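What follows is a single structure, written as structure tokens, with notes after it.
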Amino acid sequence: MAKKSPGYECSSCGHRVSKWVGKCQSCGEWGTVEELSPAAVAVTSGASGRSGKSSAVSLSGLTPTSPARKVTDIDPSGAVHRPSGIGELDRVLGGGVVPGSAVLLAGEPGVGKSTLLLEVANRWARQDRSVLYITAEESVGQVRQRAGRTDALSANLWLAAEHDLETALGQIEVTRPELVIVDSLQTLHATGVEGVAGGVAQTRAVAATLTTFAKTTGIPVLLVGHVTKDGAVAGPRTVEHLVDVVLQFEGDRHSALRFLRGQKNRFGATDEVGCFEQTSDGIREVPDPSGLFLNQRDEPVSGTAVTVIMDGRRAMPGEIQTLAMETEMSNPRRVVTGIDTGRVATILAVLARRAGIDLMGHEVYAATVGGMKISEPAADLATALALASTRHDKVLPDGLVAVGELGLGGEVRRVPDLRLRLSEAARLGFTSAIVPASTRDADRVRVKGLRIIPVRTLGEALDQLGLAKEARRKYPERRKKDRD
Ligand SMILES: [Zn+2]
């Protein structure tokens, strides 16, 4: 892996060395030693050769930090993605790991970052490529045990337990792997830097050093970064600007599902989402998460409706379940999980005022299935239909999805990516879809196998499902009052 290099220079004090080091021996800074390009060497040595002679301009001040190179001289492999072996990770990375890049995997403790990266190490090693897993969190024995449990015992996978950054770099030098995984940023210690490991100064020094290491050697580095709510440990936010890629690994404590999202990616888009499932023996990819958020039942139940939400570029059908119970209480309970509480309150108000479906005297429960989190207004229409369905105890048609944002006037507004959402619904076997009506013919969406029901208002949607008639029958006087 070692490249021919003319030398290295500290960007902080200018000290030159022939071999890359993480810490400058002259000024003690971490991560400041960078490779000199051949052009820079030529310019500076030429300048010093003429110094003191007739030249009025000192060329040494012009040393380009990153000199231009002929496009034909640049190794194209420098920007090529190398598949990690985990499709869901590669999807978020934009195709794989880029040589010389630093990738930060951020997430709360216990979410499964180490498990995921051990699996990355395993898949990488299985492709006949070496990988060094440096752990400052556990002992080598503990990682070995985990590797045994998750079937990650490959001869190309190297383990080292190090707490000291300098020793960790030494390990890399000896092993010369094709991928380095560091677990974690906050537990490695850089000598000579103020503060305790995990503090802002320490975390920055470790991240800066490992990033310059990756750039100098071409060896990609994956870094674990802990995010904690109380802020006791310096969060990945303090190092985001140093690394090339920031991935967020997240999941609910009560669910086995984990999502990997790109937050910053110098080599690809950030709107992809990877889906994983934590199992008793490690972590498993879920390449087709659609259907996870739907209830599997034989008999249809009132109060439920299915919508299709977008997570990055991924469309996922999700079920909304509601339950309304009459109560004498003046301030009835509203218990909402997975959906924004304020959004549900708004939908309840719109239902009452624009459709005559009043749940004021009812306890209302609303929830998603499978720990799905809905923040998109596109789920409004389905939420409203579910609530109308539970209010009248009338089951919605089988195979129906509803997509649309509700306005305060009861109008159904258009949502982005309608075609993507409906295609996914059709693929999963849904047969009809209530969608916002388009004013333009050209925008009308057609999806094979799906009956499209365009509506302009919530009232039209309820009409289509026979729920409006129900409301008129039950509250004729209220309807009249609203019109006056
Ligand atoms: Zn220095």
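The values are calculated or read from the model by the stated rules, or taken from the named source; none is laboratory data. Note that this is a predicted model, so its numbers are computed, not measured. We place every Cβ from the backbone using ideal geometry, glycine too, and count neighbours over all the protein chains shown. Side chains are part of the model used for accessible areas, which takes the heavy atoms of the whole protein and leaves out ligands, DNA and RNA. Shrake-Rupley method; radii C 1.70, N 1.55, O 1.52, S 1.80 Å.
Figures for the structure shown
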read-out	value
Folded to 0 to 90 degrees: helix 38-50 orientation relative to the chain principal axis, Cα	40 degrees
Protein-only accessible surface order, largest first, of Ser255, Ser389 at 1.4 Å	Ser255, Ser389
Residues whose placed amide H lies under 5 Å from that of Gly318, excluding near-sequence neighbours	Thr307, Val308, Ile309
Between segment 170-192 and segment 450-469, the Cα center-to-center distance that results, in Å	60 Å
Aspartates and glutamates whose Cα lies under 15 Å from that of Lys229, excluding same-chain neighbours fewer than 8 positions away	Glu108, Glu250, Asp252
The chain: angle of helix 341-355 to the longest principal axis, Cα-based, in degrees nearest 10	30 degrees
Segment 80-94 - phi-based ³J(HN,Hα) in whole Hz, Karplus 6.51/-1.76/1.60, Gly and Pro as x	8, 6, 9, x, 7, x, 10, x, 5, 6, 4, 4, 6, 6, x
Length-normalised contact order of the chain in % [C-alpha pairs under 8 Å, at least 6 apart]	11 percent
Cβ-derived FRET efficiency at R0 60 Å, Asp164 paired with Arg451, nearest 0.05	0.40
Alpha-carbon Rg with Dmax, taken over segment 304-483, Å	15.6, 51
Scattering curve values for segment 76-148, log₁₀ I(q)/I(0), Debye with Cα scatterers, q = 0.14, 0.24 Å⁻¹	-0.49, -1.29
Long-range Cα-Cα pairs in segment 81-285 (distance over 29 Å), rounded percent	14 percent
Theoretical gain in end-to-end length, Arg266 to Ser12 [0.36 nm per residue, Cα-Cα removed]	88.9 nm
R0 of 60 Å, Cβ-Cβ distance Asp340-Ser26: FRET efficiency to nearest 0.05	0.65
Accessible surface, per residue, of the chain when the full set of protein chains is kept, probe 1.4 Å, Å²	48 Å²
Value of Rg/Rh across the chain [Cα atoms, Kirkwood radius]	1.12
Area accessible to solvent at Arg413, 1.4 Å probe radius, in Å²	100 Å²
Within the accessible area of the chain (1.4 Å probe), percent carbon and sulfur	51 percent
Nearest-0.05 FRET efficiency for Ser280 and Arg176, computed from C-beta distance (R0 30 Å)	0.30
Cross-link pairs Lys23/Lys70; Lys19/Lys215; Lys70/Lys215; Lys23/Lys215; Lys215/Lys264 - those with Cα-Cα distance over 21 Å	Lys23/Lys70
Gain in span if fully extended, Asp151 to Asp73, counting 0.36 nm per residue against the direct Cα distance	23.8 nm
Most to least accessible of His241, His226, His254 (protein chains only, probe 1.4 Å)	His254, His241, His226
